[in-house]
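Notes to accompany the following structure.
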Amino acid sequence: MGNNTNISIRDSIATKMLVAVLALYLLIATCVSIIHLWVEYRYQKENIIEDLGDIERAFTPGLAVNLWDLDENSLQASVEGMLKIPILVGVKISNNEQTLVAIGGIVKGHGKKGDVGFHINLSGLSDEEAAVHEAELYTFEMFERQFQISYNLDGKTIPLGGATIYSNSSVIYRSMKSQVTMLAINVFMTLLTFALALLWAVNHYLRKPLGILTDATAGISLNNLGSFSVDTKTSGHNEIKLLGEAMTAMTANLHEAISIREETEAFLRESEERFHRMFREHNAVMLLIEPESGEIVDANKAACKFYGYTREKLISLPIEKINTLPLHETKDVMQQAKENQKNYFEFKHRLASGEIRNVDVYPSAIVINNHPLLFSIVHDTTERKLAEDELTKYRDRLEVLVEEKTHELKKAQSELLQRERLATLGQVTATVSHELRNPLGTIKTALFSIDDSIERKEPHLATRSLELAERSIERCVNIIEELNSYTRVKGLAISEASIDDWLKVVIEEQAIPEGILCELNLSCDIRTSFDQEKLRQVMVNLIANGVHALQEEDSDGELLQISTRLLNGEYEIQVSDNGIGMSDETREKVFEPLFSTKGFGVGLGMVIVKSIVEQHHGEISIESKSGEGTTVSLRLPISPQES
């Protein structure tokens, strides 16, 4: 153990702890002693005050007789007897005229050393005699008790004067002197015992183990880190033992950390050697560049071959001698690469021959020997750039060709659409001609019948013909209105209404044939905005289709159901029937213009229905099964959008 591990008792932490503990104990013991003495003093004081009362009761009758008899000798004997009581230090007696007639001991101030005797004169004491009993001030507290002296004569109380008896704290101090001495001896002995016990404990449980730890710490070296161990020779699971175990664990961890560091350094050296071998022998062009100065620190064989310089010449050049960018732009680029803001650049590099080559550079910020560098991989893209330029020319030419062909296609499409319009117009014309021919023939026949009835002067026979003509004219009007609705789409006339109430009114306006049961289930219960007239046209068309399906010869159904309900942000209207239904082929063609399964009409009804629903930004769907019935569902938004 070296001299630096020898610690004097005076400088030892254990000694300082011992001194601190003893000082604390002494402070506490002193405070407790003072409190004890103060309590004892208060107790003794109360006892003295009670004793003064007993003295009053004992001497009052004798003093009364002495004053009544005007017997100075007896009065002197009474005062002398009172002063012999240990707790009394003074007596003062005055007559009924408040004249001082007897005084003994100390009657003023806080006490006086020596015996001042007593003075008695029933005629009255002089001021000089009284002054003898007035003490100089010092630290004794004065206690006094005053009482009246009276004489009982034949049952009559005659006042004779008053008396005051005195005591002070010196009486208490005399009685407590032995207690204070014993208390001081007790504190000293306790402190000494406690100090010796604590000194032994501190030395045994703290100073020696700490010395062992200090010696063990001084002996730690790199050679014994792996085998280091310390035993503090303490029993139990205590702080010193834990400190020793922690020190043992710390040295073991330190040994492991040093071993790992040595392995890591060896691995890094090996990795650096592998990097240098890879760097030198790799076929890709590689440069190591100092980012602050732009100097080329190292270059591999491929770089020397590509640029046409020897390695010594190449690493003596700054990067701006190779890069054709201006110097300030080159520095900006290196700063971006250093901060990893960008890891790909396109440059033009100048070779030793003066030739300019297009290159892609991929820089990475690395650290070699604590020195930041840019590791740059350079790819020659000159041939690729030439190919890209050729491709660009071909692409531009191709775009021109595509534009020309697109123009030709648009022209052909326009001609095709014109032909389709003409074909559709011809189909519509044929359908309308067919549909109008029948009601017009009926009108012609009705007019002939009316003319014949007029010639025969039987006008009553023309009534049926007029009704037939009116129905035919109405049929022609309906056909024309369907064509107008299909060809002329008008904007919506939005207004607010209750869906359920509005739907009830629409259904009440319809003439439902006998034998068909119309069942309503309206549970929407909202107000919203929509084009009431156009949706009325939709509902009339759907109800008419349902009635027609129920009236077909092959139909066994008789139920038409109309319902409403709320969905997520939408409301739904459903029209269902249990009529003949539709095949899948028919259902797929329902929304095609001029398609109809009826023996009359132009086949535009469902086309118009879908158009109106879509104008409201809604959706229409059809579910149908042949022989079972059809359900048409309309889904419309609660908050309408502008159309």
Residues located in segment 321-333, provided they are in contact with a helix residue (DSSP H, G or I) (Cβ under 6 Å, 6 or more places away or on another chain) and surrounded by fewer than 16 Cβ atoms within 10 Å (Cβ to Cβ): 327
Residues of segment 327-353 classified as at pLDDT 90 or above and in a loop (DSSP other than H, G, I, E, B), total: 3
Positions within segment 148-171 being of a type in the set (A, V, I, L, M), in a strand (DSSP E or B) and surrounded by 11 or more Cβ atoms within 10 Å (Cβ to Cβ), in sequence order: 149, 158, 160, 163, 165
In segment 334-351, residue nearest to residue 385 (Cα to Cα) [restricted to those that are open to solvent by less than 90 Å² (accessible area, probe 1.4 Å) and out of contact with any Lys or Arg (no Cβ under 8 Å at 6 or more places or on another chain)]: 347
Qualifying position, being at pLDDT 85 or above, touching a strand residue (DSSP E or B) at 6+ places or on another chain (Cβ under 6 Å) and either under 15 Å from residue 165 (Cα atoms) or of a type outside the set (A, V, I, L, M, F, W, C) (or both), among 67, 63: 63
Residue match in segment 461-484 (condition: at pLDDT 85 or above, of a type in the set (Val, Ile, Thr) and touching a helix residue (DSSP H, G or I) at 6+ places or on another chain (Cβ under 6 Å)): no
Tally of residues being β-branched (Val, Ile, Thr) and either closer than 13 Å to residue 15 by Cβ or at pLDDT below 75 (or both) across segment 195-213: 1
Matching residues, segment 207-227, being under 49 Å from the mean Cα position of the chain (by Cα) and surrounded by 15 or more Cβ atoms within 10 Å (Cβ to Cβ): 210, 213, 225
Sole residue being closer than 24 Å to residue 624 by Cα, at pLDDT 90 or above and either small (Gly, Ala, Ser) or in a helix (DSSP H, G or I) (or both), chosen from 560, 503: 503
Residues of segment 107-156 satisfying the condition of being under 25 Å from residue 50 (Cα atoms) and at pLDDT 70 or above: 118, 141, 142, 143, 144, 145, 146, 147, 148, 149, 150, 151
Hits in segment 563-605 (condition: modelled with pLDDT under 90 and of a type in the set (Asp, Glu)): 584, 585, 588, 592
Scan of segment 82-104 for residues that are out of contact with any helix residue (DSSP H, G or I) (no Cβ under 8 Å at 6 or more places or on another chain), loosely packed, with under 15 Cβ neighbours inside 10 Å and either closer than 28 Å to residue 172 by Cα or β-branched (Val, Ile, Thr) (or both), ordered by number: 84, 99
Those residues of segment 268-297 which are of a type in the set (Ser, Thr, Tyr) and under 22 Å from residue 331 (Cβ atoms), in sequence order: 293
Number of positions in segment 166-221 that are without any contact (Cβ under 8 Å) to a residue 40 or more places away in the chain and β-branched (Val, Ile, Thr): 6
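Kindly indicate the residue of segment 310-331 that is under 17 Å from residue 284 (Cβ atoms) and not charged (D, E, K, R) and also nearest to the chain's Cα centre (by Cα) among those meeting that condition.
First pass over segment 310-331, keeping only residues under 17 Å from residue 284 (Cβ atoms): 311, 314, 322.
Filter again for not charged (D, E, K, R), leaving 314, 322.
Details: 314: 58, 322: 55 Å.
In this case the residue turns out to be 322.
Do we have residue 356 as open to solvent by 40 Å² or more (accessible area, probe 1.4 Å), touching a residue at least 60 places away in the same chain (Cβ under 8 Å) and among the hydrophobic types (A, V, I, L, M, F, W, C) here?
Details: open to solvent by 40 Å² or more (accessible area, probe 1.4 Å): yes; touching a residue at least 60 places away in the same chain (Cβ under 8 Å): no; among the hydrophobic types (A, V, I, L, M, F, W, C): yes.
Considered against the rule, which asks whether it is open to solvent by 40 Å² or more (accessible area, probe 1.4 Å), touching a residue at least 60 places away in the same chain (Cβ under 8 Å) and among the hydrophobic types (A, V, I, L, M, F, W, C), residue 356 comes out as no.
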Total residues in segment 304-320, condition in contact with a helix residue (DSSP H, G or I) (Cβ under 7 Å, 6 or more places away or on another chain) and either open to solvent by less than 80 Å² (accessible area, probe 1.4 Å) or of a type in the set (Gly, Ala, Ser) (or both): 5
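The values are calculated or read from the model by the stated rules, or taken from the named source; none is laboratory data. None of the values given here were measured: they were computed from a predicted structure. Positions of Cβ are backbone-derived with ideal geometry, glycine not excepted, and every protein chain shown enters the neighbour counts. For accessibility, only protein heavy atoms count, side chains too; no ligands or nucleic acids. Shrake-Rupley method; radii C 1.70, N 1.55, O 1.52, S 1.80 Å.
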